[in-house]
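Have a look at the structure below, then the notes.
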Amino acid sequence: MASRAGPRAAGTDGSDFQHRERVAMHYQMSVTLKYEIKKLTYVHLIIWLLLVAKMSVGHLRLLSHDQVAMPYQWEYPYLLSVVPSLLGLLSFPRNNISYLVLSMISMGLFSIAPLIYGSMEMFPAAQQLYRHGKAYRFLFGFPAVSVMYLVLVLAVQVHAWQLYYSKKLLDSWFTSTQEKKRK
């Protein structure tokens, strides 16, 4: 057996690696997809914490109404969006398919649906801002509708990628389960 720095084993030219065992592709994919979903979950948690901070400051009136506007209605149900992300994280240690499916379904209900409603709720204010240049809600001097649309677009992308990777991970786990049943 050769060491990293030492000479190669006698009788081999280094081309005899073909017979060695390899990690199955679905296991490699599972690890990669779990890592990607975890990164997206952390980004989602940052967005969620910023939204909670904004809502808390608005409700507790820690800053003037000119600095931080009261929350939009869609922000309240969006607070539940942390539940699907946590369910997804709970599914990882034992490759729990039912938790992952529950996470994907609840992500549509608690994450995507409030974002769609939010885009419709804020549309008249955005239209007024861009047509007439008038805004009535502000976040630290910026029109609240512009800032919240940026947050909304970012959140939609994060959740869409979470759903995409979760579906691919689910397919990977099903492949693994089907191969075990065949044996």
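Candidates are the residues of the range 60-80 that are open to solvent by less than 90 Å² (accessible area, probe 1.4 Å) and not hydrophobic (A, V, I, L, M, F, W, C); the one that is farthest from the chain's Cα centre (by Cα) is SER64.
Does the range 156-166 contain any residue that is free of Cβ contacts under 8 Å to residues at least 40 places away in the same chain, over 13 Å from the mean Cα position of the chain (by Cα) and open to solvent by 60 Å² or more (accessible area, probe 1.4 Å)? No; the residues of the range 156-166 include none that is free of Cβ contacts under 8 Å to residues at least 40 places away in the same chain, over 13 Å from the mean Cα position of the chain (by Cα) and open to solvent by 60 Å² or more (accessible area, probe 1.4 Å). Tell me yes or no: at least one residue of the range 105-116 is open to solvent by 70 Å² or more (accessible area, probe 1.4 Å), under 21 Å from SER30 (Cβ atoms) and touching a Ser or Thr at 6+ places or on another chain (Cβ under 7 Å). Scanning the range 105-116, I find no residue that is open to solvent by 70 Å² or more (accessible area, probe 1.4 Å), under 21 Å from SER30 (Cβ atoms) and touching a Ser or Thr at 6+ places or on another chain (Cβ under 7 Å), so the answer is no.
Considered as a group, the residues in the range 137-152 that are free of Cβ contacts under 8 Å to residues at least 24 places away in the same chain and touching a Leu at 6+ places or on another chain (Cβ under 9 Å) include one that is farthest from GLU36 (Cα to Cα), and that residue is PRO143. Considering (1) open to solvent by 40 Å² or more (accessible area, probe 1.4 Å); (2) modelled with pLDDT of 90 or more, the lone condition that GLY141 does not fulfil carries the number (2).
Of all residues in the range 22-34, those that are under 11 Å from SER166 (Cα atoms) have Cβ atoms under 6 Å from Cβ atoms of residues that are surrounded by 13 or more Cβ atoms within 10 Å (Cβ to Cβ) and basic (Lys, Arg), 6 or more apart or on another chain, in LEU33/LYS168. Of the residues screened, LEU51 is not one that is farther than 27 Å from VAL147 by Cβ, crowded, with 16+ Cβ neighbours inside 10 Å, within 19 Å of the chain's Cα centre (by Cα) and in contact (Cβ under 8 Å) with a residue 12 or more places away in the chain. Step by step: first the residues of the range 82-116, then only those that are part of a loop (DSSP other than H, G, I, E, B) and touching a residue at least 12 places away in the same chain (Cβ under 8 Å), then the one that is farthest from VAL158 (Cα to Cα). Which residue is that? The residue in question is ASN95.
The values are calculated or read from the model by the stated rules, or taken from the named source; none is laboratory data. All of these numbers come straight from a predicted model, not from anything done at the bench. Glycine gets a Cβ as well: all are built from the backbone with ideal geometry, and neighbour counts include every protein chain shown. Heads up: the accessible areas ignore ligands, DNA and RNA and are worked out on the full protein's heavy atoms, side chains in. Shrake-Rupley method; radii C 1.70, N 1.55, O 1.52, S 1.80 Å.
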